[in-house]
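Structure first, commentary second.
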Amino acid sequence: MVCGGFVCIKNSLCGLNILYVLVSLLLIGVAAWGKWFGLVSSIQVVAGVIGVSTFLLLVAFVGLCGALKHHQVLLFFYMIILFMVFIVQFSVSGACLALNKDQQYHLLEVGWNNSVSTQRDVEKNLDCCGFSHVPVNDTCAADCVRNQSCNLACGDIIQQHAQEVLHFVGGIGLFFSFTEVLGLCLTYRYRNLKDPRSHPGAFL
């Protein structure tokens, strides 16, 4: 059967949702791995990543079940959820790509001030102290404190890589947002196709 037919669109939609399942499982695995090996001690960060991944996993299962069974209700709700996810993801990705250095620095400082555990992780992993300036007290978790050689603030180090990371995250987000547009088009087309194996007089 030529591409654009019932079977081809069904297989494409199933393949797309299997990709979403794999991505969500990968994100859950990375979050659990980071927490297990102590790379990330903030439970809020881990819980956020796992929560988003679980939501993506549920959406993918809804789309996969709807595609396999040609279930009109599941496919309809899948389209609605996918459209809302596309709007949010496209907006966030565009914001990541559009931020200038001053805005990046401000957002990094807000994130720094909102989580003490994140501060400890960054100071320990990057071997720096403080965000905008090196503190004079001994509350820093970096190894350089013991050697009394801490002369770099963490904000300066993070800022060097923030633009690259934001561009990478924004690019990945834009890529997946276009796969969601593809999923919307496939689902809309699939819902309006009649299963060739069904009875000729069956209701669409």
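Some observations on this one:
- The residues of the range 52-64 that are surrounded by 14 or more Cβ atoms within 10 Å (Cβ to Cβ) and either of a type in the set (Phe, Trp, Tyr) or not in a helix (DSSP H, G or I) (or both) amount to a single one, 61.
- The range 186-202, subset among the charged types (D, E, K, R) and either modelled with pLDDT of 85 or more or within 13 Å of residue 66 (Cα to Cα) (or both), residue surrounded by the fewest Cβ atoms within 10 Å (Cβ to Cβ): 189
- Per-region count, the range 84-98, residues surrounded by 15 or more Cβ atoms within 10 Å (Cβ to Cβ) and under 30 Å from residue 194 (Cβ atoms): 2
- Within the range 65-94, the set of residues being assigned to a helix (DSSP H, G or I) and without any contact (Cβ under 8 Å) to a residue 12 or more places away in the chain comprises 65, 69, 73, 80, 84, 87, 88, 91.
- Test: residue in the range 167-179 that is among the polar types (S, T, N, Q), modelled with pLDDT of 75 or more and out of contact with any helix residue (DSSP H, G or I) (no Cβ under 7 Å at 6 or more places or on another chain): no
- Where a residue in the range 134-157 is among the charged types (D, E, K, R) and its partner, wherever it lies, is at pLDDT below 70 and in a helix (DSSP H, G or I), with Cβ under 7 Å and at least six apart: 138/145
- Among the residues of the range 95-135, those that are assigned to a helix (DSSP H, G or I), at pLDDT below 80 and among the small types (Gly, Ala, Ser) comprise 111, 117.
The values are calculated or read from the model by the stated rules, or taken from the named source; none is laboratory data. Since the model is a prediction, treat every value here as computed from it, not as a measurement. Cβ: placed from backbone, ideal geometry, glycine included. Neighbour counts: every protein chain shown.
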